[in-house]
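This report refers to the structure that appears directly beneath it.
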Amino acid sequence: QLLCGKNNKYFTMKLLFLTIAILIISISAFIPKTFLSKSIVSNTVLNVSIKVAVNDDEPIENAIKRFKRACSQSGHLFELRFKEEWENAHDKRKRKSERAKLLDRIERTNDKYERRAEAGNDYN
């Protein structure tokens with residue numbers, strides 16, 4: 001009795017509605033947040049938040065240009081570049097140690113070939 005008559009139409013409509021609702025929810029999970037909101041937001045480790053409002057009729061190139069200008073005016077990119085180049089004492093010692101090992105290996109190799117040349121060995 002459930003699958004015939006009025007109940008069948010009601011069941012089919014309910015099933016169709018649930019299917020569409022699930023489909024919309026699953027699709028909206030993959031849409032980027034910047035697409036849903038009308039502003040471009042950038043958050044960095046420096047806790048700087050840059051927001052640029054984008055109008056509906058504004059070309060995206062203009063919005064990107066304004067966003068880049070806001071990023072450069074905030075000064076946080078300069079700070080990030082500085083932190084990228086900065087190294088702590090442990091990293092500095094490690095880098096110097098690795099460089100010293102490399103130069104030592106090169107020097108030992110050169111010394112080996114010089115000793116062979118001084119001995120008059122034709123086969124290097």
Inset, instruction - With respect to Ile64, determine if the residue is at pLDDT 75 or above and among the β-branched types (Val, Ile, Thr). - result: yes
Inset, instruction - Answer with yes or no whether Thr44 is open to solvent by less than 70 Å² (accessible area, probe 1.4 Å) and either at pLDDT 85 or above or on the phi < 0 side of the Ramachandran plot (or both). - result: yes
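The values are calculated or read from the model by the stated rules, or taken from the named source; none is laboratory data. Model, not experiment: these values are computed from the prediction. Ligands, DNA and RNA are excluded from the accessible area calculation, which covers all protein heavy atoms including side chains. Shrake-Rupley method; radii C 1.70, N 1.55, O 1.52, S 1.80 Å.
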